[in-house]
1. Starting from residues that are among the acidic types (D, E) and modelled with pLDDT under 90, keep the ones in segment 1-60 and report whichever is farthest from V89 (Cα to Cα).
2. Would you point out the residue of segment 64-91, among those that are free of Cβ contacts under 8 Å to residues at least 40 places away in the same chain and closer than 19 Å to M46 by Cα, that is least open to solvent (accessible area, probe 1.4 Å)?
3. Report yes if some residue within segment 2-9 is on the phi < 0 side of the Ramachandran plot, among the basic types (K, R) and surrounded by 14 or more Cβ atoms within 10 Å (Cβ to Cβ); otherwise report no.
4. Could you grab the pairs with beta carbons closer than 6 Å, sequence gap of 6+ or different chains, first residue in segment 42-63 and closer than 22 Å to N80 by Cα and in contact (Cβ under 8 Å) with a residue 40 or more places away in the chain, second one hydrophobic (A, V, I, L, M, F, W, C) and not in a helix (DSSP H, G or I)?
5. Only one of I23, I68 is in contact with a Lys or Arg (Cβ under 8 Å, 6 or more places away or on another chain) and not aromatic (F, W, Y). Can you tell me which?
Amino acid sequence: MRFFPLLIMTGLTILTLGLYFVIDAFPTLDRPTSFAALSFFSFGAMLLILADGVRRAKSGTGVAWSYIALAGTLFVTIFNVSVWVIGEVAS
């Protein structure tokens, strides 16, 4: 699938933004714990996108979309980890 990495990045971004903006509506949800789980999921998504990019590079197909998706996923992962760390330090 050509746009598989972009699909992963888009889903991860929707999960992150949804959790970030909806968590205040549910006071029983714990922000640091939720973003910790999402951070580990982000690392897994980055490894999956990286493995897909390596597979595509070995087969000779274009990897530009994989690099774009990897950069976006890295940005989302940094955001998730920073919210997690800030939440742990604040509580």
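1. Result: D24.
2. Looking at the filtered set, the residue picked out is T77.
3. No; the residues of segment 2-9 include none that is on the phi < 0 side of the Ramachandran plot, among the basic types (K, R) and surrounded by 14 or more Cβ atoms within 10 Å (Cβ to Cβ).
4. The qualifying pairs do not exist here.
5. Unique residue meeting the criteria: I23.
The values are calculated or read from the model by the stated rules, or taken from the named source; none is laboratory data. This is a predicted model, so every value here is computed, not measured. Cβ sites come from the backbone with ideal geometry, for glycine too, and all protein chains shown count toward neighbours. Accessible surface is based on the protein model in full, side chains and every heavy atom, while ligands, DNA and RNA are left aside. Shrake-Rupley method; radii C 1.70, N 1.55, O 1.52, S 1.80 Å.
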